[in-house]
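Single-structure report; data block below.
The values are calculated or read from the model by the stated rules, or taken from the named source; none is laboratory data. Worth saying up front: this structure is predicted, and the values here are computed from it rather than measured. FYI the Cβ positions are ideal-geometry reconstructions off the backbone, even for glycines, and counts take in every protein chain you see. Ligands, DNA and RNA are excluded from the accessible area calculation, which covers all protein heavy atoms including side chains. Shrake-Rupley method; radii C 1.70, N 1.55, O 1.52, S 1.80 Å.
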Amino acid sequence: MREEADKIINYTSNDFIIGVLDIGAKFGIHPSFRKIKNLAKYYLIDADSEETEHLKDIYSQSENVFVFNEFMDSEEKCIEFFHYTHPGGHSAFKPDNSQIYWSKLRPGTSDILGSVNMRSITLDDFVLRNNILADFIKIDVEGKEPEVLIGSKSTLPRILGIRCEILLNSLYENCEPSFSRIDLFLRKNGFVFLGFDSEASNSRVAFSDIYIEKNYGQLIGLDGLWVKPPEEIILRNQLQSICKYAIFCLLNGVQDLAIYVLQKSCQKYGTLNSQLNKLGFSNDLAPRRMVDFIEQEIAFILFSLRDRPRYSANYLAEIFETMFDKPWVKPGEYFRRYPLT
């Protein structure tokens, strides 16, 4: 039986804007977060000054994208930042050229063209200095990911989801593989590990060109996903946190967790639309956009399951109507309700 919320929280429309901290924002907004361009403020941070000037030009007309030239670390100190032949490889570490990643998969990209001295800053100090409210963090800084997280202890309590590059095998001098260190730190700070993002071909190096299995060679690194425990989010009774949490999961391929949290929340507190109505946000732009985005994403998932034997039309309709308090699409109606635009 559905339980109603014990109390109404005084939100403002700004609470429904997602804050995305992107540390190591080479080449712009990460593909996993581009779909929420109308729902988010992006804080793009990179240590490469040439790259940040380029990004400022690219996003000069975007009022919700902010670009910063900073080097993130566990503490404030002077560091040497090495410029590689491939600009995507710039790092505070020198390459370990004995690794087959450099010799076989990326030959010629690890040559060091020069370096600059920079003063680092912690993520906590950066967030405080710029008055940033963040919900998601993405980190890709060529080996310095653990240090960035260590410098974010005060920021992490607010964060709902983290996408972080991890090294499973060493690439750099004086830099150990980072997964166990990152996972242990995040678990101690209230997160649970969900899994790895899909294994990109540029993360795996073959020892020879003869293989037939998918799991060939040496896996170097890929992105890991961490979130706050789902039951903690549900118990908060905060509509904006539930919606943002579900969106992080939907954007990062964890559809089942998004649906789990939405179902449990709606069973406990009412449909997303009814909760918006209670808060007085039924027509307010930011909350309305957020719920509409979730509806469209969930509708796509359910529609994609329509012809599979275990998913009856009634079952899919029940899931949808529990979340959105509106009827599920009739046969032939889906693309009229959700146009391909």
message: Can you tell me which condition L128 does not meet? The list is (1) touching a residue at least 40 places away in the same chain (Cβ under 8 Å); (2) in a helix (DSSP H, G or I), and all the others hold.
response: (1)
For W328: the one exception among (1) part of a loop (DSSP other than H, G, I, E, B); (2) buried (at least 16 other Cβ atoms within 10 Å of the Cβ); (3) out of contact with any Asp or Glu (no Cβ under 8 Å at 6 or more places or on another chain): (3)
task: Only residues that are touching a strand residue (DSSP E or B) at 6+ places or on another chain (Cβ under 8 Å) and of a type in the set (A, V, I, L, M, F, W, C): list them for the range 171-205, please.
output: L171, C175, F179, I182, L186, F191, V192, F193, L194, F196, A200, V205
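Considering each of S208, S198, S241 in turn, give the residue that is assigned to a loop (DSSP other than H, G, I, E, B) and within 24 Å of K35 (Cα to Cα).
Details: S208 fails: within 24 Å of K35 (Cα to Cα); S241 fails: assigned to a loop (DSSP other than H, G, I, E, B).
Unique residue meeting the criteria: S198.
Return the total of residues in the range 82-115 being of a type in the set (K, R) and either closer than 29 Å to D125 by Cβ or open to solvent by less than 50 Å² (accessible area, probe 1.4 Å) (or both).
Keep residues of the range 82-115 that are of a type in the set (K, R), which gives 94, 104, 106.
From the residues that got through so far, the ones that are either closer than 29 Å to D125 by Cβ or open to solvent by less than 50 Å² (accessible area, probe 1.4 Å) (or both) too are 94.
Within the range 82-115, residues that are of a type in the set (K, R) and either closer than 29 Å to D125 by Cβ or open to solvent by less than 50 Å² (accessible area, probe 1.4 Å) (or both) number 1.
Which one is farthest from I233 (Cα to Cα), of the residues in the range 262-271 that are of a type outside the set (K, R) and surrounded by fewer than 20 Cβ atoms within 10 Å (Cβ to Cβ)? Full working, then the answer.
Within the range 262-271, the first condition is being of a type outside the set (K, R), and the residues that meet it are 262-263, 265-267, 269-271.
Going one step further and asking which of them are surrounded by fewer than 20 Cβ atoms within 10 Å (Cβ to Cβ), we end up with 263, 267.
Details: Q263: 13, Q267: 14 Å.
Checked the range 262-271; the qualifying residue farthest from I233 (Cα to Cα) is Q267.
Results for (1) over 30 Å from V291 (Cα atoms); (2) open to solvent by 10 Å² or more (accessible area, probe 1.4 Å); (3) modelled with pLDDT under 95, shown as yes or no for each residue.
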site	(1), (2), (3)
I182	yes, no, no
K188	yes, yes, no
A206	yes, yes, yes
Q218	yes, yes, yes
R236	no, yes, yes
F248	no, no, no
statement: Reported set for the range 7-53 where residues are in a helix (DSSP H, G or I), crowded, with 21+ Cβ neighbours inside 10 Å and β-branched (V, I, T) is I36
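Within the range 175-195, which residues are part of a loop (DSSP other than H, G, I, E, B) and among the small types (G, A, S)? Give the steps one after another, and end with the answer.
In the first step, residues of the range 175-195 are kept if they are part of a loop (DSSP other than H, G, I, E, B); the result is 175-178, 189-191.
Correct list: S178, G190.
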statement: Over the range 272-317, the set of residues over 19 Å from I234 (Cβ atoms), open to solvent by 80 Å² or more (accessible area, probe 1.4 Å) and in a helix (DSSP H, G or I) is N277, L285, R289, Q296, F300, N314, Y315
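So, in the range 151-170, of the ones that are in a loop (DSSP other than H, G, I, E, B) and open to solvent by less than 10 Å² (accessible area, probe 1.4 Å), which residue ends up farthest from L123 (Cα to Cα)? It would help to see each step written out before you state the result.
Within the range 151-170, the subset in a loop (DSSP other than H, G, I, E, B) is 151-155, 159-160, 168-170.
Narrowing the set further to residues that are open to solvent by less than 10 Å² (accessible area, probe 1.4 Å) leaves 151-152, 159-160.
Working: G151: 6, S152: 5, I159: 13, L160: 16 Å.
It comes out as L160.
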- request: Name, by its number, the condition in (1) surrounded by 15 or more Cβ atoms within 10 Å (Cβ to Cβ); (2) closer than 16 Å to V116 by Cα that does not hold for K56.
  value: (2)
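Would you point out which residue out of V148, V141 is open to solvent by less than 10 Å² (accessible area, probe 1.4 Å) and either over 18 Å from the mean Cα position of the chain (by Cα) or at pLDDT 95 or above (or both)? Outline the logic, then answer.
Values: V141 fails: open to solvent by less than 10 Å² (accessible area, probe 1.4 Å).
Every option except V148 fails the conditions.
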task: Filter the range 66-81 down to the residues that are in a strand (DSSP E or B) and either of a type in the set (D, E, K, R) or open to solvent by less than 20 Å² (accessible area, probe 1.4 Å) (or both), then identify the one that is farthest from T109 (Cα to Cα).
output: M72
